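This report refers to the structure that appears directly beneath it.
The values are calculated or read from the model by the stated rules, or taken from the named source; none is laboratory data. Here the structure is a predicted model, which means the values were calculated and not measured. So basically every Cβ, Gly included, is an ideal-geometry build from the backbone, and we count neighbours across all protein chains shown.
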């Protein structure tokens, strides 16, 4: 008895597949990442070089209020970027 060779099934490749996100989604993701990075950069610093001296700059508006708002705005933009759909 001769052994039978297994049949090879070749499937057609669908070349019309679209990307999961449109260009606007990627732009919004980049904007969200930049907002988060800017918020993190604004939080940097405020420390003192001398441990015996207290630096009031640690509690500035920039570090306590502005930076967290930018970070949260960045996360909101990221969520919008994920759920955004074109009207087409």
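Couple of notes before you dig in:
- The number of residues in the range 60-88 that are over 25 Å from residue 25 (Cβ atoms) and surrounded by 10 or more Cβ atoms within 10 Å (Cβ to Cβ) comes to 8.
- Among (1) farther than 26 Å from residue 75 by Cβ; (2) surrounded by 13 or more Cβ atoms within 10 Å (Cβ to Cβ) - the single one residue 18 does not satisfy: (2)
- Of all the criteria given as (1) under 16 Å from the mean Cα position of the chain (by Cα); (2) free of Cβ contacts under 8 Å to residues at least 40 places away in the same chain; (3) surrounded by 12 or more Cβ atoms within 10 Å (Cβ to Cβ), the one not satisfied by residue 23 is (3).
- Cβ separations smaller than 7 Å between residues 6+ apart or across chains give the following pairs from the range 39-67 residues that are at pLDDT below 85 to residues that are exposed (fewer than 13 other Cβ atoms within 10 Å of the Cβ) and part of a helix (DSSP H, G or I): 46/57; 46/58; 47/58.
- Entry remark, the range 52-76: residues being part of a loop (DSSP other than H, G, I, E, B) and in contact with a helix residue (DSSP H, G or I) (Cβ under 7 Å, 6 or more places away or on another chain) number 0 in total.
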